[in-house]
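Comments concern the structure below.
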Amino acid sequence: MPSALPTILLLAVPLAAALSAGLILRLRPLLQRYALARPNARSSHTVPTPQGGGIAVVTAFVTISGLLIAAPEIGGRPDWIWLSGCALALALLGAVDDIRPLPAALRLAVQALVVGLLVWHVDGRLLPGLPLWLERGLALLAGLWFVNLTNFMDGLDWMTVAEIVPVAGALLLFGLAGRLPPLPTLVAASLLGAVLGFAPFNRPVAKLFLGDVGSLPIGLVTAWLLCQLALAGGLAAALLLPLVYLADASLTLSARAARGERVWEAHRGHHYQRATVNGLSVPGVVGRVFAANLALAALAAATLLWPSWPVTLAALAAGLALVAALLRRFARAPAPAPAEGAAQP
């Protein structure tokens, strides 16, 4: 790795964090006036709270990564242009939907177009044994699902922070260790910093929400990063890092579809939402998610450091067991308190 490259990559984190936090401070009065999220039956909050913090996150991510990509050590400017352009397109879609909700079919069509454009411009093959059209079609479905599941999971204070910070941080470390190319490493560093700048304002009880303007492009960028990790030989690591989000959203939506419910409508059926109903505090929920993601990052690192079938299978099995235990705890109702005067075990 060129000697200047680690400095450039690490510099992206504080720069993006500072820009994200600064933009939020300037935007908050406008968001308070024009972008209030009012509580409803499906909300986890109880008082009107401004949303739209994703404007600052996406702006900081695009700006800082765009400035630092000029360094010759990074390269890959055409890929960055496509990624940033598609992220901004989804941010615009999310901003409109935050202010005036759009029909589900229209949202999905725009998302499919944007994800499809980005998938078409991704270099490399993950499944060379399949026809290219089939591989790209599967990648489109996977990217579309990841964009939406990130949006679905952004329903609790600090939830997106607890997911993206460990994932982006792990990707940055993988890049510094030479396991990820410079461009995706810069993207991960910029995303990490931008989310860290947003984190203080979303701390429970949140004073600001991300909004679809942030969750949709963050999902797209994270999916692209995981794809780059898989293309670099880290397929198992790319599956392990987002396993909490993948499992919670996929299991929840599958169960809703089996019951004949409209899966595109907002609800409070995710495991992390049920955890708060079952007595866990918001910090307790996101703290457990954060800890689980740190453990998954360690397992992902193991598959990269010791690339062998025994290590990969053991890491995947451990990751699945960890996430299953977490979701089972979230879904489990607390034991009823003993009656006054009852004997204690």
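The values are calculated or read from the model by the stated rules, or taken from the named source; none is laboratory data. Just so you know, these numbers come straight off a predicted model, no measurement behind them. Don't worry about glycine lacking a Cβ; one is built from the backbone with ideal geometry, like all the others, and counts go over all protein chains shown. To get the accessible areas, we keep the full protein, side chains included, count just its heavy atoms, and leave off ligands, DNA and RNA. Shrake-Rupley method; radii C 1.70, N 1.55, O 1.52, S 1.80 Å.
The table below gives the values:
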quantity: Exclusive hit being at pLDDT below 90 and open to solvent by less than 50 Å² (accessible area, probe 1.4 Å), set ALA21, ALA41, ALA35, ALA17; calculated: ALA35
quantity: Subset of the range 54-81 (residues that are open to solvent by less than 30 Å² (accessible area, probe 1.4 Å) and of a type in the set (Phe, Trp, Tyr)); calculated: PHE61
quantity: Counted residues, the range 105-135 - those being surrounded by 15 or more Cβ atoms within 10 Å (Cβ to Cβ) and of a type outside the set (A, V, I, L, M); calculated: 4
quantity: Hey, ARG100 crowded, with 19+ Cβ neighbours inside 10 Å, of a type in the set (D, E, K, R), more than 15 Å from PRO184 (Cβ to Cβ) and at pLDDT below 95 or not; calculated: no
quantity: Residue within the range 239-247 that is under 22 Å from LEU93 (Cβ atoms), part of a helix (DSSP H, G or I) and at pLDDT 95 or above present; calculated: no
quantity: Filter result (within 14 Å of the chain's Cα centre (by Cα) and more than 18 Å from THR63 (Cα to Cα)) within the range 177-209; calculated: ALA199
quantity: Every pair of residues 6+ apart whose Cβ atoms lie under 8 Å, when the first sits in the range 96-118 and is closer than 14 Å to PRO217 by Cα and of a type in the set (Lys, Arg) while the second is open to solvent by less than 30 Å² (accessible area, probe 1.4 Å) and part of a helix (DSSP H, G or I); calculated: ARG107/LEU93; ARG107/ASP97
quantity: In the range 140-166, the residues that are in contact (Cβ under 8 Å) with a residue 40 or more places away in the chain, more than 23 Å from ALA275 (Cβ to Cβ) and open to solvent by less than 40 Å² (accessible area, probe 1.4 Å); calculated: GLY143, VAL147
quantity: Condition broken by LEU117, with the remaining ones in (1) of a type in the set (A, V, I, L, M, F, W, C); (2) in a helix (DSSP H, G or I); (3) over 30 Å from LEU5 (Cβ atoms) satisfied; calculated: (3)
quantity: Members of the range 150-201 that are out of contact with any Pro (no Cβ under 9 Å at 6 or more places or on another chain), closer than 24 Å to VAL285 by Cβ and not in a helix (DSSP H, G or I); calculated: ASP154, GLY155
quantity: Residue in the range 283-300 that is over 19 Å from GLU163 (Cα atoms) and either open to solvent by 40 Å² or more (accessible area, probe 1.4 Å) or modelled with pLDDT under 90 (or both) present; calculated: no
quantity: Output for the range 44-95, where each listed residue is in a loop (DSSP other than H, G, I, E, B), of a type in the set (Gly, Ala, Ser) and touching a residue at least 24 places away in the same chain (Cβ under 8 Å); calculated: SER44, GLY52, GLY53, ALA71, GLY75, GLY76
quantity: Odd one out for VAL205, checked against (1) assigned to a helix (DSSP H, G or I); (2) touching a residue at least 40 places away in the same chain (Cβ under 8 Å); calculated: (1)
